[in-house]
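Engineer: So that we are looking at the same thing, I have put the structure below in structure tokens.
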Amino acid sequence: MLKFRLEEVLWQKKLRLIDVSRMSGIQYSTLHKLCTGKTRGISFRTLEALCSSLQCQPADFFLYIPKKQYGKREREKSQSNDKFTSEV
């Protein structure tokens, strides 16, 4: 499972979504969907804009969690919910 860590990156940099929206040109609603997991994925254009405006690398946004490390309940949830819920 891949976890998208936008909230963690913003917290580390002491930024809010509205700040990043203004810096990157990405719509606030898009950023909000990425944080809340209400999107199926992220485009390379959006990822590039985030990296450019936050001066970081794509790897800073992703965390890989092997299936063995999360329980059966989370696995069933991720299988039944085929969307990018901050988990890819």
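Engineer: Which one of Arg40, Arg16 is among the basic types (Lys, Arg), in contact with a Lys or Arg (Cβ under 6 Å, 6 or more places away or on another chain), surrounded by fewer than 16 Cβ atoms within 10 Å (Cβ to Cβ) and at pLDDT 70 or above?
Structural biologist: Working: Arg16 fails: in contact with a Lys or Arg (Cβ under 6 Å, 6 or more places away or on another chain).
Testing whether each residue is among the basic types (Lys, Arg), in contact with a Lys or Arg (Cβ under 6 Å, 6 or more places away or on another chain), surrounded by fewer than 16 Cβ atoms within 10 Å (Cβ to Cβ) and at pLDDT 70 or above leaves just Arg40.
Engineer: So, one more: Report, by residue number, each residue of segment 13-42 that is under 14 Å from the mean Cα position of the chain (by Cα) and closer than 28 Å to Gln69 by Cβ.
Structural biologist: Leu31, His32, Lys33, Leu34, Cys35, Thr36, Gly37, Lys38, Thr39, Arg40, Gly41, Ile42
Engineer: Being loosely packed, with under 14 Cβ neighbours inside 10 Å and charged (D, E, K, R) is the filter here; which residues of segment 20-37 pass it?
Structural biologist: The answer is Arg22, and nothing else.
Engineer: Hey, any hits in segment 44-59 for a residue that's surrounded by fewer than 16 Cβ atoms within 10 Å (Cβ to Cβ), modelled with pLDDT under 95, touching a helix residue (DSSP H, G or I) at 6+ places or on another chain (Cβ under 9 Å) and not in a loop (DSSP other than H, G, I, E, B)?
Structural biologist: Within segment 44-59, not a single residue is surrounded by fewer than 16 Cβ atoms within 10 Å (Cβ to Cβ), modelled with pLDDT under 95, touching a helix residue (DSSP H, G or I) at 6+ places or on another chain (Cβ under 9 Å) and not in a loop (DSSP other than H, G, I, E, B).
Engineer: Against the condition modelled with pLDDT of 90 or more and not in a helix (DSSP H, G or I), how does Leu63 come out, does it pass?
Structural biologist: Working: modelled with pLDDT of 90 or more: yes; not in a helix (DSSP H, G or I): yes.
Yes, satisfied.
The values are calculated or read from the model by the stated rules, or taken from the named source; none is laboratory data. Keep in mind that what you see is a predicted model, and the values were worked out from it rather than measured. Virtual Cβ from ideal backbone geometry, glycine too; neighbours counted across all protein chains shown.
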